[in-house]
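Enquirer: Below is one structure. I have some questions about it.
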């Protein structure tokens, strides 16, 4: 006997309720890496600038921040490579993307890579929207829940909210066509995908264990 009063039915129901999903967004960059977190009706966005750091030292600093930001998250949405990137820039960003994904894998945090075009289409309605238009749209859309001061934070917040929308816990209401875009499928067979496959391969997340 503990001497404690028995839990009421209401209290038992509260204990059975799944905790809110914690969803992260990461706009990967070697110079100004954007992070965002959405959980329980609240949001936060920030960026990490690497300044004069280069090489392995810069990578390790960024990966430390990735590990810190991913702690306690249920899923992370990471921005993929821009098709306009080329040469050494493309190789550097591809390497960073691989390292970020590997860190999340080691932490057993599910993640999905979303293209910049899908992110732009979600926030502006147009996949080809330039960075500044995406920033303006994100500031307007997420003003009630997040303070966004730059492109990196805005992109990371957009990615996180794409996940929140997909998993049924959005912070703000998005137009129906933007939500439908989260579940778009490939219209035809390609070398990388089959017709009907989802364009965004969302991880399966159990809300009961979140």
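The values are calculated or read from the model by the stated rules, or taken from the named source; none is laboratory data. As the structure is a prediction and not an experimental result, all values here were calculated from the model. Methodologically, a virtual Cβ is constructed for each residue, glycine included, from the backbone with ideal geometry; neighbour enumeration extends over all protein chains shown.
Enquirer: Check whether at least one residue in segment 40-56 is closer than 24 Å to residue 202 by Cα and in a loop (DSSP other than H, G, I, E, B), and report yes or no.
Expert: Within segment 40-56, one or more residues are closer than 24 Å to residue 202 by Cα and in a loop (DSSP other than H, G, I, E, B).
Enquirer: Then there's this: Say we look at segment 181-199 and pick out the residues that are in a loop (DSSP other than H, G, I, E, B) and under 17 Å from the mean Cα position of the chain (by Cα); which of these is nearest to residue 141 (Cα to Cα)?
Expert: Looking at residues that are in a loop (DSSP other than H, G, I, E, B) and under 17 Å from the mean Cα position of the chain (by Cα), I get 182.
Enquirer: Consider residue 149 against the criteria (1) assigned to a loop (DSSP other than H, G, I, E, B); (2) within 17 Å of the chain's Cα centre (by Cα); (3) under 15 Å from residue 36 (Cα atoms): it satisfies all of them except one. Which criterion is unmet?
Expert: Unmet for residue 149, out of (1) assigned to a loop (DSSP other than H, G, I, E, B); (2) within 17 Å of the chain's Cα centre (by Cα); (3) under 15 Å from residue 36 (Cα atoms): (2).
Enquirer: Looking at (1) within 23 Å of residue 185 (Cα to Cα); (2) touching a strand residue (DSSP E or B) at 6+ places or on another chain (Cβ under 8 Å); (3) modelled with pLDDT under 95, find the lone condition where residue 114 falls short.
Expert: The failed condition is (3).
Enquirer: Cβ-Cβ under 6 Å, sequence separation 6+ or interchain: first residue in segment 168-192 and without any contact (Cβ under 8 Å) to a residue 12 or more places away in the chain, partner assigned to a helix (DSSP H, G or I) and surrounded by 10 or more Cβ atoms within 10 Å (Cβ to Cβ). Which pairs?
Expert: Once the first residue is without any contact (Cβ under 8 Å) to a residue 12 or more places away in the chain and sits in segment 168-192, its partners that are assigned to a helix (DSSP H, G or I) and surrounded by 10 or more Cβ atoms within 10 Å (Cβ to Cβ) give 170/164.
Enquirer: Taking residue 135 as the residue in question, decide whether it is touching a strand residue (DSSP E or B) at 6+ places or on another chain (Cβ under 7 Å) and closer than 17 Å to residue 156 by Cβ.
Expert: In short, no.
Table: residues versus (1) more than 30 Å from residue 142 (Cα to Cα); (2) surrounded by 17 or more Cβ atoms within 10 Å (Cβ to Cβ).
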position: 48; (1), (2): no, yes
position: 66; (1), (2): no, yes
position: 73; (1), (2): no, yes
position: 79; (1), (2): no, yes
position: 89; (1), (2): yes, no
position: 106; (1), (2): yes, no
position: 110; (1), (2): no, no
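Enquirer: With respect to the numbered conditions (1) within 26 Å of residue 181 (Cβ to Cβ); (2) surrounded by 14 or more Cβ atoms within 10 Å (Cβ to Cβ); (3) at pLDDT 95 or above; (4) out of contact with any helix residue (DSSP H, G or I) (no Cβ under 7 Å at 6 or more places or on another chain), which one is the sole condition not fulfilled by residue 140?
Expert: (2)
Enquirer: Sticking with this one: Just one of the numbered conditions (1) more than 12 Å from the chain's Cα centre (by Cα); (2) at pLDDT 95 or above; (3) closer than 30 Å to residue 177 by Cβ is not true of residue 98; which one?
Expert: Result: residue 98 fails condition (3) only.
Enquirer: Run down 130, 187 and say which single residue is more than 24 Å from residue 33 (Cβ to Cβ) and either modelled with pLDDT under 95 or touching a helix residue (DSSP H, G or I) at 6+ places or on another chain (Cβ under 6 Å) (or both).
Expert: Just one listed residue meets the conditions, 187.
Enquirer: Kindly indicate whether any position in segment 196-210 is within 17 Å of residue 36 (Cα to Cα), touching a residue at least 60 places away in the same chain (Cβ under 8 Å) and surrounded by 17 or more Cβ atoms within 10 Å (Cβ to Cβ).
Expert: no
Enquirer: Quickly run through segment 160-180 and pick out the residues that are assigned to a helix (DSSP H, G or I) and out of contact with any helix residue (DSSP H, G or I) (no Cβ under 6 Å at 6 or more places or on another chain). It would help to see each step written out before you state the result.
Expert: At the first step, the residues of segment 160-180 found to be assigned to a helix (DSSP H, G or I) are 160-166, 176-180.
The answer is 160, 161, 163, 164, 166, 176, 177, 180.
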